[in-house]
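Working notes, beginning with the structure itself.
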Protein chains: 2
Amino acid sequence: MPSSVTTIAIGPDPTAPKLLEKAIADAGARLGDMAEADALIWTGRPDAFPAELPASVRWVQLPAAGVEDFFAADVFGQHPGVEFTSAAGAFSASVAEHALMMLLAGVRYLPEQLRARSWQQAEFFPHVGSLRGKTVTIVGAGGIGRALIPMLAPLGAHVIAVNRSGRTVRGPGIPADVETVPADQLGKVWSHTDHVVVAAPATAATRHLIGADELARLKPSSWVINVARGSLIDTDALVTALNDGVIGGAGLDVTDPEPLPDGHPLWELPNAIITPHDSNPPQLRLAAFADHVGANARKFVAGEALNAVIDPTIGY
Amino acid sequence: MPSSVTTIAIGPDPTAPKLLEKAIADAGARLGDMAEADALIWTGRPDAFPAELPASVRWVQLPAAGVEDFFAADVFGQHPGVEFTSAAGAFSASVAEHALMMLLAGVRYLPEQLRARSWQQAEFFPHVGSLRGKTVTIVGAGGIGRALIPMLAPLGAHVIAVNRSGRTVRGPGIPADVETVPADQLGKVWSHTDHVVVAAPATAATRHLIGADELARLKPSSWVINVARGSLIDTDALVTALNDGVIGGAGLDVTDPEPLPDGHPLWELPNAIITPHDSNPPQLRLAAFADHVGANARKFVAGEALNAVIDPTIGY
């Protein structure tokens, strides 16, 4: 039965998790069979993706932020008339929240306070800092960086965003006074930087982006947060800087080596916060994916441009 | 020499700290002698306040959020033609930041992770939560609450603000979807609440506002944060709830008794974060006061209504 209501199917398992079902309904669409669907939310692997899609299907939402495997399976080549979207950006908010948590915990001296077993107000007072009026440099202003900037703004922190192009970072909740600096001028930001959040992809160019020289140019009160990949920081240089009080501390959700082996010096440093790459745990991923699907379904129903559209000619 | 530029004096010590000097200059005013001043920033005690002010002085900024002592010294009665402002709200941001830090650290399972000396990703994954989509009830929507709401918004948390009047909380950065509930209907919010931040004044009516009944109506994942006064929470009931897993945890910058004595059970609970009433340490107060002075000086220069005007007829 044809319907004027947009119909969205879920596959390969057509039984939608409640959160996805709600996201589709809230967007003003209805959940239906693939045979009559305008769009498909795909939650499975590339090799199970249908070789043929009904002609009615104009949009397919894929479940991952990185879709190399769907390229390898030639999913896009097989369906040239269909618009595909990835989940790029969907999982950034949880990682950004984790980065903010580690940064705040560091700046406000939580690790030392958690170890205390007595009321040491006078001892702790001078060590409790604030992000207000401080400059946080975010190295890598992709999804995580763009999610983090709006979280830092109401805390009164100033943000320097570093990206490859140096093109001004814009987006919902991103204040107009965010400075954007191209990566090839990273050396100029350290003297203006209070704290650093590393959120850039791991490439040959970003390996050991933060080493002894960069750490030396930060402040004894600076915290360095890494939620990207361990290889972006020179771990040995970091351990030395933490031991010598060159910087205030480090919050690491990723390490090099990873997993961090038992007995590694980082485990015992009082000014290191280590979380075992758990900033985006499995149970939070479905909710984040449902939010992403809901936003795209609303746009699809309204005929607007979708988020995270995959361009088969550039490979993501 | 008369000047068209607004002149602001600082007393009793006319040597301004650099931050105050900068705040006055940035506001487009100039620092000058009391004899020719349009306004006075008072950083001293009530008993040192001048009995006579030059007729040119139309505005006096006081250094404290609570000005009971200035009432007791009859400072307002002696200067009926002068507008006085307190520092109410100036110190809220640091306390709100501290509350956010403890809430995020709790929700994302930081205390347990800080104790780890090995990479326990699989064990920690299920415990790492997020504020996204969660409802945070702020009991007491005064300065701290109003500073905290804009910090929670970009994290995707929904806020229920509880105040005496139930009048809708508004202000810069406060989203339109914040629910405001009058304090006499507090009992109705618990079933919708994921986490609680206590930020209400300590009065006879708010003593043990959070007791065994309220804790029982929260969730095993709920965190309770107190940045107000220890007496608002029934400590014995809280210890029992934390021990029995009735709630997820508690972040306490204030305790009852305070200081928390050595050997108190709260020190040893793995799901309690204790900070020794240091959410607004001395070194952050001057910066916060300078921000407050700067904002008021800008308004004074522009002829706009000032922040935190004291009304001698109501007593604050």
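At-a-glance table
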item: Kirkwood Rh, Cα atoms: Rg over Rh of the range A:92-274; result: 0.95
item: Buried on assembly, the range A:271-316 (at least 40 Å² less accessible surface than by itself, 1.4 Å probe); result: A:P276, A:D278, A:Q283, A:L284
item: In Å, descending, principal axis extents of the Cα set of the range A:157-254; result: 38, 28, 24
item: Normalised alpha carbon radius of gyration of chain B [divisor 2.2 N^0.38 Å]; result: 1.14
item: Solvent-accessible area per residue, Å², over the protein assembly as shown with all protein chains present [probe radius 1.4 Å]; result: 43
item: Computed over chain A: relative contact order in percent, which uses C-alpha pairs under 8 Å that are six or more apart; result: 18
item: Fraction of accessible area attributable to carbon and sulfur, the range B:92-274 (%, probe 1.4 Å); result: 50
item: Exposure rank, largest accessible area first [B:E52, B:E179, A:E268; 1.4 Å]; result: B:E52, A:E268, B:E179
item: Average beta carbon contacts from partner chains per residue of B:91-104, 10 Å cutoff; result: 5
item: Accessible area buried between chains B and A, both sides summed, probe 1.4 Å, in Å² to nearest 100; result: 4600
item: Reachable aspartates and glutamates from B:K134, criterion Cα separation under 17 angstrom, eight or more residues apart if same chain; result: A:E97, A:D291, B:D177, B:E179, B:D194
item: Label 7 Å beyond Cα on the Cβ vector: B:A51 copy-to-copy distances, nm; result: 10.2
item: 12 Å Cα-Cα reach of B:K188 towards aspartates and glutamates, excluding residues that sit fewer than 8 places from it in its own chain; result: B:E214
item: In nm, spacing of pseudo-spin labels at A:A205 and B:A216 (7 Å Cα→C-beta vector); result: 6.2
item: Long-range amide H partners of B:Q61 with built H, under 5 Å; result: B:L40, B:I41, B:W42, B:T85
item: Teacher prompt: B:E179 distances to equivalent labels in other copies, 7 Å Cα→Cβ, nm; result: 4.3
item: Isotropic mean projected area of the C-alpha convex hull, the range B:73-147 (nm²); result: 8.5
item: Relative frequency of Cα-Cα separations exceeding 49 Å in the protein assembly as shown, percent; result: 19
item: Residue-by-residue Karplus 3J(HN,Hα) for the range A:96-104, coefficients 6.51, -1.76, 1.60, Hz, glycine and proline x; result: 5, 4, 5, 4, 4, 4, 5, 5, 5
item: Partner chain coverage, peptide A:125-134 - average Cβ within 10 angstrom; result: 6
item: From phi via Karplus (6.51, -1.76, 1.60), per-residue ³J(HN,Hα) for the range A:285-298 in Hz, x at Gly/Pro; result: 5, 4, 4, 5, 5, 4, 4, 5, 4, x, 5, 5, 5, 4
item: R0 of 35 Å, Cβ-Cβ distance B:D262-A:W267: FRET efficiency to nearest 0.05; result: 0.80
item: Kirkwood-Stokes translational diffusion coefficient of the range B:68-112, alpha-carbon pairs, 20 °C, 1.002 mPa s, µm²/s; result: 155
item: Taking the range A:92-274 and dividing mean pair separation by its residue count, relative contact order in percent (alpha carbons under 8 Å, at least six apart); result: 20
item: R0 of 22 Å, Cβ-Cβ distance A:S165-A:K188: FRET efficiency to nearest 0.05; result: 0.85
item: Label-point separation in nm, B:Q121 to A:E179, each point 7 Å along Cα→Cβ; result: 3.6
item: Rounded to the nearest 10 Å², the accessible area of B:R146 at probe 1.4 Å; result: 110
item: Among B:A290, B:A212, B:A35: highest mean-square fluctuation, GNM of chain B, C-alpha pairs under 10 Å; result: B:A35
item: Probe 1.4 Å - accessible area at A:D184, Å² to nearest ten; result: 130
item: Solvent exposure, largest accessible area first (probe 1.4 Å, DNA, RNA and ligands not counted), of B:K18, B:K188; result: B:K18, B:K188
item: Inter-copy separations for A:D311, label at 7 Å along Cα-Cβ, nm, ascending; result: 5.9
item: Equivalent ellipsoid semi-axes - Cα gyration tensor, the range A:14-163, angstrom; result: 46, 17, 14
item: Accessible-area value, B:H127, 1.4 Å probe, nucleic acids and ligands omitted, Å²; result: 90
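The values are calculated or read from the model by the stated rules, or taken from the named source; none is laboratory data. In this text, all values refer to a predicted model and were calculated from it rather than measured experimentally. Note that each Cβ is placed from the backbone with ideal geometry, even for glycine, and that neighbours are counted across all protein chains shown. Protein only, heavy atoms only, side chains kept; ligands, DNA and RNA dropped before computing areas. Shrake-Rupley method; radii C 1.70, N 1.55, O 1.52, S 1.80 Å.
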